[in-house]
Amino acid sequence: SGAIGYFPNALVPNRPWAADFAPWHILPGDGSAEWDGYIPAAEIPRITNPERGFLCTSNNDINGSLMDGDPTNDAYYWYFDRAIGYRAARVDDMLTTQLGNRGFSMDSMKEIQLDVLGLYAADIIPKLLDIIGEDNLNLTVDAQTVFEYFRDWGYALSSGLAGYDAQ
């Protein structure tokens, strides 16, 4: 029907003890850190037909529970970490471009899914190379080889697979 949405179909454990025991550490085995059922389905983040015409989660903080730096002080404990945003930024940019160009197709979605450009590397590597300096005469032969590799790298984080078929 042309509608889009994000509806994670998952049972998410309710961990009311999360403020008392950091859930990402080893928990006591005395029963004090047991689940208390599941977070109600109506409380799990979801969205239908966002105004932008698409949505992108990319392992980011989908409900804002990490915005204040404390993952344990909300109504529910969801997670303690998330992606740092570079993949989401890349996917978001590609989706925005795709929407502006020709809309979405199976091929354009495959292109986005298979994209391997590492924005984190593209952000960090030039700064590191500037610090080292192109004319640094103190580099060993091996260090110079590494410098040249990173200078010439296109920031592709390839999986080593070719195409859509893992075989």
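The values are calculated or read from the model by the stated rules, or taken from the named source; none is laboratory data. If you're wondering where the values come from, they're calculated on a predicted model, not measured in any experiment. No Cβ is skipped: glycine too gets one built from the backbone with ideal geometry, and neighbour counts run over all protein chains shown. Ligands, DNA and RNA are excluded from the accessible area calculation, which covers all protein heavy atoms including side chains. Shrake-Rupley method; radii C 1.70, N 1.55, O 1.52, S 1.80 Å.
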Members of the range 5-21 found to be surrounded by 13 or more Cβ atoms within 10 Å (Cβ to Cβ) and touching a Phe, Trp or Tyr at 6+ places or on another chain (Cβ under 9 Å), listed by number: Val12, Pro13, Asn14, Arg15, Pro16, Trp17, Ala18, Ala19
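Residue under question is Gly85, and the condition is that it be more than 25 Å from Ile44 (Cα to Cα) and at pLDDT below 90; does it hold? Spell out the reasoning first.
Details: more than 25 Å from Ile44 (Cα to Cα): no; at pLDDT below 90: yes.
Here the answer is no, as Gly85 does not meet what is asked.
Considering Arg87, Arg102, Arg82, which residue is under 20 Å from Pro8 (Cα atoms) and touching a Ser or Thr at 6+ places or on another chain (Cβ under 8 Å)?
Working: Arg102 fails: under 20 Å from Pro8 (Cα atoms); Arg82 fails: touching a Ser or Thr at 6+ places or on another chain (Cβ under 8 Å).
It is Arg87.
Small (Gly, Ala, Ser) and either in contact with a strand residue (DSSP E or B) (Cβ under 8 Å, 6 or more places away or on another chain) or at pLDDT below 90 (or both), is that true of Gly31? Walk me through how you get there before you give the answer.
Working: small (Gly, Ala, Ser): yes; either in contact with a strand residue (DSSP E or B) (Cβ under 8 Å, 6 or more places away or on another chain) or at pLDDT below 90 (or both): no.
So Gly31 does not fit the description; no.
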Residues of the range 30-65 satisfying the condition of being part of a loop (DSSP other than H, G, I, E, B) and open to solvent by 90 Å² or more (accessible area, probe 1.4 Å): Asp30, Glu34, Trp35, Asp36, Arg46, Glu51, Arg52, Asn59
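Can you find a residue in the range 52-72 that is more than 30 Å from Gly118 (Cα to Cα) and without any contact (Cβ under 8 Å) to a residue 60 or more places away in the chain? Full working, then the answer.
Filtering the range 52-72 for residues more than 30 Å from Gly118 (Cα to Cα) gives 72.
Remaining after also requiring without any contact (Cβ under 8 Å) to a residue 60 or more places away in the chain: 72.
Within the range 52-72, one or more residues are more than 30 Å from Gly118 (Cα to Cα) and without any contact (Cβ under 8 Å) to a residue 60 or more places away in the chain.
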